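Everything on this sheet refers to the single structure shown next.
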Amino acid sequence: MKIAILPGDGIGPEIVAEAVKVLNVLDLPFETETALVGGCAYDAYGHPLPDATLKLAQDADATLFGAVGDWKYDTLDRPLRPEQAILGLRKNLGLFANFRPAICYPQLVDASSLKRELVAGLDILIIRELTGDIYFGQPRGRRIATDGHFPGAEEAFDTMRYSRPEIERIAHVAFQAARKRKAAGGEGRVTSVDKANVLETFQLWKDVVTEIGQQYPDIALDHMYVDNAAMQLVKAPKKFDVVVTGNMFGDILSDAAAMLTGSIGMLPSASLNSKGQGLYEPSHGSAPDIAGKGVANPLATILSAAMMLRFSLNQPEAAARIEKAVDQVLTLGLRTPDIYSEGTKRVGTVEMGDAVVKALVG
Ligand code: NAD
Ligand code: IPM
Ligand code: MN
């Protein structure tokens, strides 16, 4: 088994180092190879996703990714910006299915900005389509308007689009995930989030998800407009089981869901293609505001490594061991600043990683 390690920018290298430390004590038969990606790759090679980095990820069984981006690259031409690296990896590897599980550990109910009764016991799964939608639709660009409210003015435009097969395959992923969760005691329900009341793209989305749903009579399906979904996520998050939605809505809703778990530093993710190859990364970004300070929460990345062992490397026991170790360090009361609450012990990134290692080997 081969794992590509792409730490990236900002807190990326700090949190990935902790996840690699955790993987290394498991004594599993895998090799790793590390490469630059994002802003640091641009600095070194003039491109955020160098060919060698892309090839490494393509040839690996799985990729562990940190985060990319920094404000200092925001004025570069778009194809050279760090964010294009993660978008390029998703597109080139065909990583269309993004799993973002939002689980509120009982130990963290007081770290959430919501009342404890709203989040205690929360366990929802957001499935975000990751290679379509307005993120990748063509045409896009800037031009001089020839119509609209201000003909002759500079304008910019993007294209929101989904094809039937793209919706079908992500719908199948969602229904199958709900089925798996149901077998493990889950509710067996998919909520498809759309904006069919306004957008053609999401009318097709809703129609196709409804059709596919008929193949899963054991799974309940409901539909919700995205604005209401944003509201319900903070009003009564536990009413959701599996949420399936498009690329942009999923981006936004998953950051909101992150706060239900206590911090975005707790939300892992898996991005899978149809061959079972995956890229695993925390749902958060490079957090330039805290980079280099040794305070970033590495748990989302460590939990992403656990997802990698389960989904791409066929090591479910090792994955469960990591998850149990994370649970243990939280029970011990260790907290990075983002999940700190009164009566717990504030620790840094490295100390948190060391504690997970200790829980694994001790
Ligand atoms: P962000 O997720 O990096 O940070 C948002 C806030 O959350 C910040 O206050 C940050 O300090 C905090 N935070 C994030 N991760 C944390 C962690 N592990 N522990 C503690 N606190 C944490 O989002 P942003 O500030 O909007 O974006 C920063 C940069 O990251 C941008 O360049 C953006 O494009 C990029 N980004 C990259 C990815 C990715 O690589 N997949 C994802 C999101 C954003
Ligand atoms: C995420 C990030 C990315 C996205 C950016 C960095 C391209 O926000 O993974 O959620 O929008 O998908
Ligand atoms: Mn995002």
Positions within segment 120-158 being in contact with a helix residue (DSSP H, G or I) (Cβ under 7 Å, 6 or more places away or on another chain) and not in a strand (DSSP E or B), in sequence order: ALA120, GLY121, LEU122, LEU130, THR131, GLY132, ASP133, ILE134, TYR135, PHE136, ASP158
All but one of (1) of a type outside the set (Lys, Arg); (2) surrounded by fewer than 23 Cβ atoms within 10 Å (Cβ to Cβ); (3) within 16 Å of ligand 3 (Cβ to nearest atom); (4) within 19 Å of ARG169 (Cα to Cα) hold for GLN215; which doesn't? (3)
Candidates GLY94, GLY66 - the one that is surrounded by fewer than 21 Cβ atoms within 10 Å (Cβ to Cβ) and either under 16 Å from the mean Cα position of the chain (by Cα) or within 16 Å of ligand 3 (Cβ to nearest atom) (or both): GLY94
For segment 199-257, name all the residues that are of a type in the set (D, E, K, R) and out of contact with any strand residue (DSSP E or B) (no Cβ under 9 Å at 6 or more places or on another chain). GLU200, ASP207, GLU211, ASP218, ASP227, LYS235, ASP255
Determine whether THR301 is within 14 Å of ligand 1 (Cβ to nearest atom) and more than 19 Å from VAL37 (Cβ to Cβ). no
Among the residues of segment 75-86, how many are within 12 Å of ligand 2 (Cβ to nearest atom) and either over 16 Å from the mean Cα position of the chain (by Cα) or surrounded by 20 or more Cβ atoms within 10 Å (Cβ to Cβ) (or both)? 6
Within the bounds of segment 169-180, is there any residue that is of a type in the set (A, V, I, L, M) and either assigned by TED's automatic domain parsing to the domain that holds SER271 or without any contact (Cβ under 8 Å) to a residue 60 or more places away in the chain (or both)? no
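The values are calculated or read from the model by the stated rules, or taken from the named source; none is laboratory data. What you see is a predicted model, and the numbers here were worked out from it, not measured in a lab. Positions of Cβ are backbone-derived with ideal geometry, glycine not excepted, and every protein chain shown enters the neighbour counts.
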